[in-house]
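Shown next, in structure tokens, is the structure this report addresses.
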Amino acid sequence: MSIAATAAKRRSLLLGAAGSLLFSGRVWAQAAPSGPHVLPPLPYPPNANEAAIDTLTMEIHHQRHHGAQVAGLNAALQGQPEFAAMALDDLLMNLSRVPQNIRTAVRNNGGGHANHSMFWEIMGGRGGPPTGPVAEAIARDLGGFDKFRQDFNAAGMSVFGSGWVFVTVTNSGQLAITTRPGQDSPLMDGLRVLMGNDVWEHAYYLRYQNRRADYLQAWWNVVNWDKINERYAAALSGTLRV
């Protein structure tokens with residue numbers, strides 16, 4: 001089968017699955033092991049990010065992908081009261097202490113839970129250039145918004161396969177661009193996350209197929225700079241978590 005035919009078949013399967021979800025009324029509740037972690041609701045309607053991300057992708061991404069990670073994390077933490085009692089950021093910052101037999105599950109599912117919880121929070125906006133203290137920090141540390149956006153997108157494109165591109169922030173407000181594979185989080189290295197974008201294919205495939213660059217460019221249309229400024233203020237005050 002040719003590459004084009006393979007890609008077409010893959011897209012057909014994805015769209016077929018999406019259509020089945022639509023036909024079934026999108027009743028996607030899944031039984032999940034009870035535990036300390038819960039799927040946060042989207043802070044806006046699923047169609048709020050249509051300028052970059054279609055409604056169906058938002059629903060599948062949030063309810064299916066993020067929901068499965070919450071369920072997987074709770075399942076891994078069953079019978080582990082010490083680690084189940086930890087806040088998510090503390091758990092990821094102490095990953096080396098987690099028993100080896102559940103460490104990979106905690107890493108993948110806990111990292112995904114943290115990354116997505118941040119991701120939903122910083123969207124739902126109108127994009128455009130940043131304002132306030134974040135704009136000043138971007139000018140100081142990242143060369144201004146135009147250069148920052150170009151470098152951020154380039155970093156997102158550099159991720160091989162699946163992963164994330166982030167902006168980390170210190171408690172003094174210093175910013176830096178970084179990437180992580182899979183569902184790894186900078187929290188695992190003791191770094192706080194100001195903002196980030198998901199470059200797994202499931203974040204964009206229904207609309208963009210393999211055109212990650214187009215997705216990265218469009219994503220800036222829905223960034224919520226007010227929320228990012230709130231996260232920046234929290235970093236400075238030492239209260240920023242995931």
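The values are calculated or read from the model by the stated rules, or taken from the named source; none is laboratory data. Quantities reported herein were computed from a predicted structural model and do not represent experimental measurements. Cβ atoms come from the backbone with ideal geometry, glycine included; neighbour counts cover every protein chain shown.
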Contacts under 6 angstrom Cβ, first residue in segment 71-87 being in a helix (DSSP H, G or I), partner at pLDDT below 95, 6 or more apart: A71/A32; N74/P33; N74/G35; A75/P33; L77/G35
Any residue at all in segment 198-208 that's within 27 Å of Q63 (Cβ to Cβ), of a type in the set (D, E) and touching a residue at least 40 places away in the same chain (Cβ under 8 Å)? yes
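Quick check on this structure: which one of D146, D184, D141 is under 30 Å from M86 (Cα atoms) and modelled with pLDDT of 95 or more?
D184
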Residue selected from segment 103-130 under the condition crowded, with 18+ Cβ neighbours inside 10 Å and of a type in the set (A, V, I, L, M, F, W, C), by the criterion farthest from Q150 (Cα to Cα): V106
Within the set of pairs 6+ apart or on separate chains, which have a first residue in segment 125-137 that is closer than 24 Å to P45 by Cα, a second that is assigned to a loop (DSSP other than H, G, I, E, B), and C-beta atoms under 7 Å apart? G125/N224
Residue check for L42: within 18 Å of the chain's Cα centre (by Cα) and under 16 Å from S185 (Cβ atoms): no
Report whether or not T104 is in a helix (DSSP H, G or I), in contact with a Leu (Cβ under 8 Å, 6 or more places away or on another chain) and of a type in the set (S, T, Y). no
Would you mind telling me which numbered condition in (1) in contact (Cβ under 8 Å) with a residue 40 or more places away in the chain; (2) crowded, with 17+ Cβ neighbours inside 10 Å; (3) out of contact with any His (no Cβ under 7 Å at 6 or more places or on another chain) G67 fails? (1)
